[in-house]
1. List the chymotrypsin sites (Phe, Trp or Tyr not before Pro) in the range 67-139 that DSSP assigns to loop (not H, G, I, E or B) and whose Cβ has at most 12 other Cβ atoms within 10 Å. Which are they?
2. Would you kindly derive the ³J(HN,Hα) couplings of the range 114-126 from the backbone phi angles with the Karplus curve 6.51 cos²θ - 1.76 cosθ + 1.60 (θ = phi - 60°), listing them in order in whole Hz, with x for Gly and Pro?
3. List every residue whose amide H lies under 5 Å from the amide H of Trp88, counting only residues 5 or more places away in sequence or on a different chain, with H placed 1.01 Å from N in the peptide plane.
4. Under 5 Å between amide hydrogens, which residues at least 5 positions from Tyr70 or on another chain qualify, with H placed 1.01 Å from N in the peptide plane?
5. Give the Debye-formula value of log10 I(q)/I(0) at each listed q (0.10, 0.11, 0.20, 0.21 Å⁻¹), with one equal scatterer per alpha carbon of the chain, two decimals each.
6. If you place +1 on the Cβ of every Lys and Arg and -1 on the Cβ of every Asp and Glu, how big does the dipole about the Cα centre of the chain come out, in debye to the nearest 20?
Amino acid sequence: MSLPALDNLLRIGQLKAEPRNYAELARMLARARRSLTDAAVTGVSASTRFICAYSAGHAAALAALRWHGYRSENRFTVFQCLSHTLGWSDARWRVLDAAHRRRNLAEYEGFMEVEESTIAELCALVAELIADVDGLIKS
């Protein structure tokens, strides 16, 4: 399904066109669900749970983009496109963007400090994202 805003990103090289692949979509959503389940395991560190929740969000957001026939190698773009792929408000996808920035601090600068409330908020949002993507695929 072609969307004008996504086609613009395709023209400037931020996205690549790629045919929808239902097996890939199923794998991405399964990965998102597994990672979200892992994020709820209280016996591991808060930083590990945060990274699991973030990874679940990325997998689900990428599945939404792939359903529409696009792919991106830029994680920020995948989250930003949620306003077009699922009609998410800026306020919703920006929570994932904030998680992306935190994840980058951990990956590239070794800094990870995260509160339980942040993990809980991210997990709740990602659960909604997975449900929305699941609904998109089943529509």
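Derivation of every value follows stated rules applied to the coordinates shown; laboratory data play no part. Remember, it's a predicted structure, so these values are computed and weren't measured experimentally. Every residue, glycine among them, receives a Cβ derived from its backbone with ideal geometry; neighbour counts consider all protein chains shown.
1. Values: sites: Trp67, Tyr70, Phe76, Phe79, Trp88, Trp93, Tyr108, Phe111; in loops: Trp88, Phe111.
Passing sites in the range 67-139 are Phe111.
2. 9, 9, 4, 5, 5, 5, 4, 5, 5, 4, 5, 5, 5
3. For Trp88, whose amide H was placed from the backbone, the distant partners under 5 Å are Ser83.
4. Excluding prolines and chain starts, which carry no amide H, the hits are Glu18.
5. At q = 0.10, 0.11, 0.20, 0.21 Å⁻¹ the computed log10 ratios are -0.31, -0.38, -1.16, -1.25.
6. 460 debye
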